[in-house]
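Notes to accompany the following structure.
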Amino acid sequence: MRTTFLAGLAALLIPALGLAGEYNLTVDRVQIDTGDFVKEGIGYNGESPGPVLRFKQGEEVTINVTNNLDEMTSIHWHGLILPYQQDGVPGISFPGIKPGETFTYRFPIQQAGTYWFHSHSGFQEPDGAYGAIVIEPEGREPFRYDREYVVQLTDKHPHSGDRIMRNLKMMPDYYNRQQQTVGEFFSDAAEHGFMNTLKDRMAWGDMRMMKADVEDLQGFTALINGKGPEQNWTGIFEPGERIRLRFINSSAMTYFDIRIPGLNMTVVQADGNNVQPVNVDEFRIGVAETYDVIVRPRDEQAYTIFAESMGRSGFARATLAPKEGMEGVVPELREPARLTMADMAGMHGMDHGSMDMSGSSDMAGMDHSGTGSMEQSDMAGMDHSNMVGMDHSGMMMSNTGASDPFYAKGSGIVPVAANGGKFLSYADLRAQDPLYEDREPTREIELKLTGNMERYTWSINGVKYEDADPIRLQYGERVRFKFVNETMMTHPMHLHGMWSILDVGADQWNPIKHTVSVQPGTTVYMETEVDEPGQWAFHCHLSYHAAAGMFRKVIVEGGPDTTQAQTDAVVDNGGDA
Amino acid sequence: MSRVQFLTLGLLGSLLVTTSATAQTMIQDTTARKQPLATWGVQFEELEYRYSDSDEELGVWKSDAFYGTDELKFRWLSKGEYAIEEQAYEGLENQLVLQTPISKFFDAKAGVRFDTPEGPDRTYAVLGVTGLAPQWFEVDANLYVSDEGDTLAEFDAEYELLLTNHWILSAALDATVAFSEDREIGQGKGLNSTETGLRLSYDLVDRAVSPYIGVVHERKYGDTADLAEAEGGSTEDWFAVVGARIAF
Amino acid sequence: MNASAFLVAATAMTISATVSAAGAHSGGHGGGSGEPGKASEVSRTINVEMHDNYYEPESIEVNPGETVRFVIENKGKLVHEFNIGTPDMHEAHQEEMMMMVEHGVIQGGTLNHDMMEMEMDMGNGHSMKHDDPNSVLLEPGKSKEIVWKFSEQGNIEFACNVPGHYQAGMYGDVNFN
């Protein structure tokens, strides 16, 4: 007892005294070989993805970043809680890093888990400027594993970010090769009847919306840890070992549905924060999100990590195997997803002018024939088979069928597990050990996610960043953000510097995240304890949506002055140890 | 010193401190992100060789180059019909317009148009509307007033049918109506002419290079047809076309 | 804190190394995990603490045929189970526990006792009572005892079958001397 106490005391003191690390990163032009094409891009320390930065909770880090490019750069530490001047957003945190200059970041590591870093300048991030961050906790983790791997996904495109943005502005469907064709009209007509199909197409045509608008940007090669499907990144294991896979989605635009056929995954972290473990067969990772899962392969065989893009236009593939060179079966891509009228629900409230009014009656009529085939068959396929012999009385909670409370009812993009099993929903996420006391929010701020696909404009409350005033928050308040997605696309909203407490209806057990996906036609709430002074970026993490204007500056007014805040943070840290 | 004065001073002092502090630490966003995004593009919707049923050969283009922001774009629209045998431009027009959004799917544009084909030239003031109509019709309607005081209207519509995601059948209709006669350039009053085209294209390189083949039907009407006949020209032509859509 | 956690982890690692060796030749003994013991036959008491989501200790040593009193205390913030059984038994039990979560009987840090008392048929003769003699289900701060006789050797684990907890690593090995 006494020794424990002493040991504890020592542990308290050590981080405050000695834990400091210095790291060096260079920002370089690099060649990126995806297996399908070789492309010049931007990387760190001569490679893309950059190195995995391994920190320890309580450590005081110093990171020297040298810009070897001929343009400005920056590094944002995605999801890290730090003084705002260290957050790495040009024009908000600091001016940026000039060519040839070395900028030194200094901040205390206050948290643990899986995070990542990336450039916040121009389109350097889609061009390859990203890397992983792994932070070892001070205490014991609420789960066990024998081995760990970072599994960092990205969507490398043969075009540069600037070119992609220009093409999207010129022709918003430039990269969409999953549009509905004449052939699909006839196959739909055979299934749902000619008139129904015609009505369906007319309803969408009237809105000038495409059911196929699930992925703006196709034609990429999806990479895992910088390796394309052919190059097959492989993680080695010994049968029976428990492996922690740290999934990070560093894509510019692509959501992935991830599964490892033959293995059950236990999700233990979301966005770096421990969650109560959830067993799943498959999960969807939004752009900029991270999920840590534990798997336990028991057999002497290769397992494929298969990550299909949400729109099914591409996939990333890697392998877990007892020996290098072994390969598992690589599944086929599933059929492309189609939006339904339910996903358009957010648009009804908007004033479309008289032209669009005629469409709404058709919409109602169409809803069923359009979605019917998909939803019902999926539901039937699911059939809660893992709950043999149960009577599904009214108490039945969500999370078993092909519905998900975080998608519009009848949405065409509700994910379904390929093996008919459990697909992770936000609704399953519960904080393992809540960081904040639950309390009433002081006020609510509504943020409508708005845009116009045909013009490729994206905005918040109809206003682009260039025309917008900052969102002003008061230090010490708890703000409830109400996201109303009035577009037909999914937006991963990322608030810098402060946690996003995602409202999954679990009160004090609501999980904390740094990136919250808002599906089309849905309203999602998150709360933020405004506990960091300064100014911060708040934006959709789809690179081309953020660049088009779905971006805000948040100013936290009041609170301890900034120098004070930094020293406070250091002291706090020692105290937490 | 009275209490009020003291308070005021204190308040002033703290104000000074806070403002200077914020000025130092909270920087203004002057990066490109905070500026309107300027972008550009060049497209040749038609760049083709035409061979008519009366053995006439034409080189034809219809191009569109733009630079600007969501709010304001500068556009250079160019159309030309070059008669290969005669080595002369049957038609050559260039429009310089400014374009700005007026509704969710439509833009207004205004500017000037210079017609410099073989024969007399004309300069027009242009006022137009362009955008995406329900059911995916791309429409473009323009009103022109010439330096001679004549007024005409042009209406363009295009529809793309996706046979597959790479094989595209596009139908285009172009109609010109004049509100007054301009004999010098062979323009009668009323419906002047129509051009209808049907092109089957294949996206070879992204959407940057899409070769196509097709047929085009040109017809003149009323007084315009009479004027053309009087000059020994044809009033109706069928063309086989081969070309490519280009975008960069 | 840090150091003690480290010690526990280190012990657990050395122990689990011996276990995997022991486990290898104990496969053929059938699925038994023992039987409820008589208080009079208890030879010793083992204290087991539940944390989020692990046990302290993470393995125990018993003599074949020994009757042990387990005093189990939940020191975590979540509901946890202590269940003695073979891996197969745990796997089967996890499905039942899943239903308890889905029916709202287990909600994070609390148990719905009213619902546990209800005579609910879950199909194959099981109810929500969770009253099997080889296990306890504890809310945070609660403590309970089990008297268990390890009448036969086998591949036995004590485990928490609250959904996800076993997979996250909340189980320990019963090693026979």
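For the reader, a short list of remarks on this structure follows.
- Sites B:E85 and B:T235 - FRET efficiency at Förster radius 25 Å, r taken between beta-carbons, to 0.05: 0.80
- Between A:T104 and A:K409, full extension at 0.36 nm per residue minus the direct alpha carbon distance yields a gain of 105.0 nm.
- Between A:T62 and A:E241, the simple spin-label model (points 7 angstrom out along Cα→Cβ) gives 3.6 nm.
- Since only B:L200, B:L227, B:Y89 are under comparison, the one whose Cα sits farthest along the positive direction of the charge dipole of chain B, derived from C-beta charges on Lys, Arg, Asp and Glu, is B:L200.
- Mean Cβ count within 10 Å, highest first, over the residues of peptides A:97-108, A:211-222: A:211-222, A:97-108
- Top of B:D156, B:D70, B:D107 by mean-square fluctuation, Gaussian network on chain B, Cα under 10 Å: B:D70
- 3J(HN,Hα) couplings calculated from phi for the stretch A:314-328 with the Karplus curve 6.51 cos²θ - 1.76 cosθ + 1.60 (θ = phi - 60°) are, in sequence order, x, 8, 9, 8, 9, 9, 9, 8, x, 9, 4, x, 7, 9, x Hz; Gly and Pro show x.
- Of B:Q87, B:Q135, B:Q43, the residue with the greatest mean-square motion in the GNM of chain B, using alpha carbon springs below 10 Å, is B:Q135.
- A crude spin-label estimate for the pair A:A427 and C:D114, with each label 7 Å from Cα along the Cβ direction, gives 2.3 nm.
- Partner chain coverage, peptide A:235-246 - average Cβ within 10 angstrom: 0
- Rounded to 0.05, the FRET efficiency of the B:D121 and B:W167 pair, given R0 = 41 Å and the Cβ-Cβ distance, is 0.50.
- Rounded to the nearest 20 debye, the dipole size of the stretch B:119-248 about its Cα centre is 520 debye, using +1 on the Cβ of Lys and Arg and -1 on the Cβ of Asp and Glu.
- For the stretch A:278-292, backbone phi angles converted through the Karplus equation (6.51, -1.76, 1.60; θ = phi - 60°) give residue-by-residue couplings of 10, 8, 9, 9, 7, 8, 9, 10, x, 4, 6, 7, 10, 9, 9 Hz, Gly and Pro being listed as x.
- Counted charge near A:I135, where neighbours are those whose Cβ lies closer than 12 Å (Asp, Glu -1; Lys, Arg +1): -2
- Summed side-chain charge close to B:Y159 - residues other than B:Y159 whose Cβ falls under 12 Å, Lys, Arg +1, Asp, Glu -1: -3
- Helix B:3-25 and the longest principal axis of the C-alpha atoms of chain B enclose an angle of approximately 40°.
- At R0 = 35 Å, FRET efficiency that the Cβ-Cβ distance of B:T194 and B:L72 yields, to 0.05: 0.60
- Gaussian network model of chain B, springs between alpha carbon atoms under 10 Å - residue of B:S210, B:S103, B:S146 with greatest fluctuation: B:S103
- Peptides A:509-517, A:255-263, B:186-194 ordered by average Cβ neighbours within 10 Å, highest first: A:509-517, A:255-263, B:186-194
- Distant-in-sequence amide H partners of A:A20 (H built 1.01 Å from N, under 5 Å): A:E60
- Total formal charge among the other residues, if their Cβ is under 10 angstrom from that of C:I106, Lys/Arg +1 and Asp/Glu -1: -3
- Which listed pairs, of A:K448/B:K34; A:K482/C:K77; A:K98/A:K482; A:K323/A:K422, have C-alpha distances above 31 Å, in listed order: A:K98/A:K482
- Mean-position separation - Cα centroids, the stretch B:149-165 and the stretch A:464-521, in angstrom: 43 Å
- Neighbour counts of other Cβ atoms within 10 Å put B:W238, A:W233 in the fewest-to-most order B:W238, A:W233.
- Under Stokes-Einstein, with the Kirkwood radius over Cα pairs as Rh, the value for the stretch A:168-270 at 25 °C and 0.890 mPa s is 137 µm²/s.
- Taking each of A:K169/A:K464; A:K199/A:K409; A:K39/A:K227 in turn, the alpha-carbon distance tops 19 angstrom for A:K199/A:K409.
- Whole-Hz couplings from phi, Karplus 6.51/-1.76/1.60, listed for the stretch A:61-72; x for Gly and Pro: 9, 10, 10, 8, 10, 9, 8, 8, 8, 9, 9, 5
- When each of B:F114, B:F105, C:F158, A:F185 is scored by the number of other beta-carbon atoms lying within 10 Å, the sequence from fewest to most is B:F114, A:F185, B:F105, C:F158.
- Take each residue in B:34-45, count the other chain C-beta atoms within 10 Å of its C-beta, and the mean is 4.
Coordinate-derived values only; no laboratory data. All of these numbers come straight from a predicted model, not from anything done at the bench. Don't worry about glycine lacking a Cβ; one is built from the backbone with ideal geometry, like all the others, and counts go over all protein chains shown.
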